[in-house]
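Notes for the one structure printed next.
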Amino acid sequence: MTKKKQLDAEQTIVLLDILKKRFEANIHRHHGLNWVDIEDQLKQNPEKLWVLNQMEETGGEPDIVSFDSKSSEIIFYDCAVETPKGRRSLCYDRAALDARKEHKPENNAVDVAAAMGVELLTEEQYKQLQAVEHFDLKTSSWVTTPDDVRKLGGAIFCDSRYGRVFTYHNGAQSYYATRGFRGRLKI
């Protein structure tokens, strides 16, 4: 039996209130956007509200970081100061998880992102997010790894230190208590 990916009325009210307060407190992330219009668009997409709730429940603190004027899509990113607490200690993908012989983490970033309904940020999207404000000052986040790197057993992650964004590599099977992933959702 498939779990219904929709919030009930009370959950929707609570989530919209959280998102509205975050929107108003961080207007620098989305100049020129109006909460009333955003809320209307969210209410028309209950399945996306469920995804935003997943982002919120895992500590992502989703907020609007960009707006595509051509498609009228609003784009939410995880805006928690550090990589979301509920998505840390994950290796990169299923193949990496399966390759670990011992001390396996609970899961992997690619599968968790897919189950939540979010996209794992690319390196470029991560840099765009960091241009809005600095995140991951003490943590790091897996980002979508190019196939040529992944085929060699590696994966990439990013963080922000000294006012700059750094991109690193690690074995895809590695995991750390301070590394998770950030998601992105288009509505």
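Data for the structure
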quantity: Selected from Phe181, Leu52, Gly117, residue furthest toward positive end of dipole (the chain; charges at beta carbon); calculated: Phe181
quantity: Proximal charge balance of Asp93 [Cβ under 10 Å; K/R count +1, D/E count -1]; calculated: 0
quantity: Per-residue SASA entry for His31, accessible area with 1.4 Å probe, Å² rounded to 10; calculated: 140
quantity: For the chain: accessible area per residue (Å², 1.4 Å); calculated: 54
quantity: Per DSSP, loop trypsin sites (Lys or Arg not before Pro) in region 55-89 with at most 16 further Cβ within 10 Å; calculated: Lys70
quantity: Distribution of pairwise C-alpha distances over region 85-180, 5 Å bins, in %; calculated: 3, 14, 25, 26, 20, 9, 3, 1, 0
quantity: Accessible area of region 119-187 belonging to carbon and sulfur atoms, whole % at 1.4 Å probe; calculated: 53
quantity: Approximate spin-label separation Glu123-Asp111, in nm, with each point projected 7 Å along Cα-to-Cβ; calculated: 2.7
quantity: Part-to-part distance (alpha-carbon centres) for region 76-115 and region 149-187, which is given in Å; calculated: 10
quantity: Average Cα contact separation per residue, region 85-180, under 8 Å, 6 or more apart, as relative contact order %; calculated: 35
quantity: Full-stretch length increase - Val36, Lys21 - with 0.36 nm per residue and alpha-carbon distance subtracted; calculated: 4.2 nm
quantity: Accessible surface of Lys127 - all protein chains present, 1.4 Å probe, nearest 10 Å²; calculated: 80
quantity: Normalised contact order of the chain, rounded percent, pairs of Cα under 8 Å and 6 or more residues apart; calculated: 23
quantity: For region 85-180, size of Cβ-based charge dipole, Lys and Arg +1, Asp and Glu -1, in debye; calculated: 360
quantity: Accessible area of Phe157 in the full protein assembly, 1.4 Å probe (Å², nearest 10); calculated: 20
quantity: Radius 11 Å from Cβ of Val112, net charge of other residues (Lys, Arg +1; Asp, Glu -1); calculated: 0
quantity: DSSP loop GluC sites (Glu not before Pro) with at most 12 other Cβ within 10 Å excluded, longest remaining stretch of the chain; calculated: 1-101
quantity: Correct choice for Rg/Rh (Cα atoms, Kirkwood Rh) that was computed from the model, options (i) 0.98; (ii) 0.93; (iii) 1.19; calculated: (i)
quantity: Table column - 3J(HN,Hα) (Hz), region 53-67, Karplus curve with 6.51, -1.76, 1.60, x for Gly and Pro; calculated: 5, 4, 4, 5, 5, 9, x, x, 6, x, 8, 6, 10, 8, 9
quantity: Using distinct alpha-carbon pairs, which all enter the 1/r mean, Kirkwood radius of region 9-78 in Å; calculated: 12.2
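The values are calculated or read from the model by the stated rules, or taken from the named source; none is laboratory data. The shown structure was predicted, so the numbers you read here are calculated from the model rather than taken from an experiment. Quick reminder, even Gly has a Cβ in these numbers, built from the backbone with ideal geometry, and neighbours come from all protein chains shown. Note: areas computed on protein heavy atoms with side chains; ligands, DNA, RNA excluded. Shrake-Rupley method; radii C 1.70, N 1.55, O 1.52, S 1.80 Å.
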